[in-house]
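> Quick one: the structure is below, questions incoming.
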Amino acid sequence: MLRFITSGESHGPALTAVIEGLPAGVPIDLELINQDLARRQKGFGRGGRMRIEQDRVEIMSGVRFGQTLGSPVTLMIHNRDWKNWQDRMAVSGPPAGQAVVAPRPGHADLTGIQKYDRQDVRDILERASARETAARVAVGAVAKQLLTEVGMRILAHVTNIGGVHAASIVGEYQALKSAVASSELGCLDSEAETAMKDAILAAKTSGDSLGGIFEVRVFDMLPGLGSHVQWDRRLDTRLAAALMSIQAIKGVEIGAGFAYANLPGSNAHDEIYYDDVRGYYRQTNNAGGIEGGMSNGELLILRAVMKPIPTLMKPLSSVDISSKAAISANTERSDVCAVTAAAVVGEAMTAVVLAEAVLEKFGNDNLTDLLRAIADYRLRLAGQ
């Protein structure tokens with residue numbers, strides 16, 4: 001089983017992640033991890049924190065001479081802003097700094113202090129912060145390096161910000177990847193990107209924030225990942241849960257998704273064809289690459305919607321948790337729009353789920369045996 005856990009607070013000394021279950025022999029390129037961390041920090045509409053942090057990963061265990069050992073891999077990302085928060089986030093000693101008593105609507109603040117019996121919202125917001133996703137992006141970057149060995153490639157891009165929709169664009173992985181990299185918003189539609197930027201600037205001027213939608217595409221999918229036999233082994237179950245676990249994500253769809261509600265069955269399902277070169281194939285992909293809880297070998301297409309960030313420069317109404325008096329919600333340094341960053345996190349979480357599904361099906365002791373098992377599987381499918 002491939003699994004990971006993260007730790008660390010937004011303004012603590014560091015974020016860490018421990019990955020267990022990686023096969024031995026997977027090549028690990030530190031710079032590829034750091035590139036994904038840098039992608040997460042970019043995006044039009046990001047806040048001041050991104051000008052402070054320059055995320056770089058340190059590998060503390062599980063890798064030697066550029067290859068995994070089969071033992072747990074520990075990743076660490078230092079928080080540069082920690083130097084400004086050492087008193088307020090100290091491990092020991094008396095409390096320092098003013099307590100946060102004005103929970104933000106739409107954030108974990110109020111429910112967190114109720115659940116964990118805290119009197120300072122900072123005890124909750126530090127861990128609930130999307131800063132935690134930096135560790136997840138590092139984990140996902142490692143998972144992507146495993147998937148690269150298998151031959152699968154993942155790309156995320158922004159399709160909607162503040163109601164501005166990007167046109168659906170198809171193409172090969174490398175060309176689309178270059179287009180995403182050249183966009184400040186990670187959007188494939190340059191005309192829509194201009195309108196998105198205008199919407200973000202207008203929201204910033206009015207002290208507001210914007211959400212949006214990102215799409216994840218996975219190319220060269222192996223068929224047969226996941227299973228139909230139990231609810232928690234279905235690949236769509238696991239992917240939806242992974243994307244929903246990202247802070248501020250409120251909805252997920254696969255393939256045609258909610259558009260299925262508008263289609264009769266005759267137009268909804270992807271007809272099956274066969275030829276000697278391609279084998280089984282479909283000419284449409286409303287299913288988004290998953291049927292019956294299993295990947296069918298077609299392009300995997302996932303979308304997730306991110307709500308607007310709950311920290312507003314013109315704060316909403318709240319209640320002082322000490323006096324119970326009406327008060328304006330707390331304002332933390334924040335972004336106006338972080339959909340571009342969420343897309344990078346979505347890419348990472350998709351990679352983790354797919355890497356787990358690959359190892360579950362083909363074995364996880366070492367890369368040599370894994371690749372041999374996949375090659376044998378492909379030969380069997382080619383003969384059917």
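The values are calculated or read from the model by the stated rules, or taken from the named source; none is laboratory data. These numbers were taken from a predicted model, which means no experiment stands behind them. Neighbour counts run over all protein chains shown; Cβ positions are idealised from the backbone, glycine included.
> Name the single residue that is surrounded by the fewest Cβ atoms within 10 Å (Cβ to Cβ) among those in the stretch 115-164 being among the acidic types (Asp, Glu) and in a helix (DSSP H, G or I).
By that ranking, first place goes to Glu149.
> Here's another thing I want to ask about it. Could you list all residues from the stretch 275-316 that are of a type in the set (Gly, Ala, Ser) and at pLDDT 95 or above?
So in the stretch 275-316, the residues of a type in the set (Gly, Ala, Ser) come out as 279, 287-289, 292-293, 295, 297, 304.
Ala287, Gly288, Gly289, Gly292, Gly293, Ser295, Gly297, Ala304 - these are the residues of the stretch 275-316 that are of a type in the set (Gly, Ala, Ser) and at pLDDT 95 or above.
> Okay, next question. Under 8 Å between Cβ atoms, at least 6 apart or on separate chains: pull out the pairs that start in the stretch 240-261 with a residue that is aliphatic (A, V, I, L, M) and end on any residue that is exposed (fewer than 15 other Cβ atoms within 10 Å of the Cβ) and modelled with pLDDT of 95 or more.
That search, which allows pairs on different chains as well, returns Val252/Met244; Ala256/Leu263.
For every residue, the table says whether it meets (1) in contact with a Ser or Thr (Cβ under 8 Å, 6 or more places away or on another chain); (2) not hydroxyl-bearing (Ser, Thr, Tyr).
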residue	(1), (2)
Arg3	no, yes
Thr6	yes, no
Gly21	no, yes
Ile28	yes, yes
Gly43	yes, yes
Met60	yes, yes
Val63	no, yes
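> Taking the condition surrounded by fewer than 19 Cβ atoms within 10 Å (Cβ to Cβ) and either touching a helix residue (DSSP H, G or I) at 6+ places or on another chain (Cβ under 9 Å) or of a type in the set (Phe, Trp, Tyr) (or both), does Val345 pass?
Numbers: surrounded by fewer than 19 Cβ atoms within 10 Å (Cβ to Cβ): no; either touching a helix residue (DSSP H, G or I) at 6+ places or on another chain (Cβ under 9 Å) or of a type in the set (Phe, Trp, Tyr) (or both): yes.
No, not satisfied.
> Counting residues that are of a type in the set (Val, Ile, Thr), closer than 30 Å to Ser183 by Cβ and touching a residue at least 40 places away in the same chain (Cβ under 8 Å), which helices (runs of 4 or more DSSP H) fully inside the stretch 265-384 reach at least 2?
339-362
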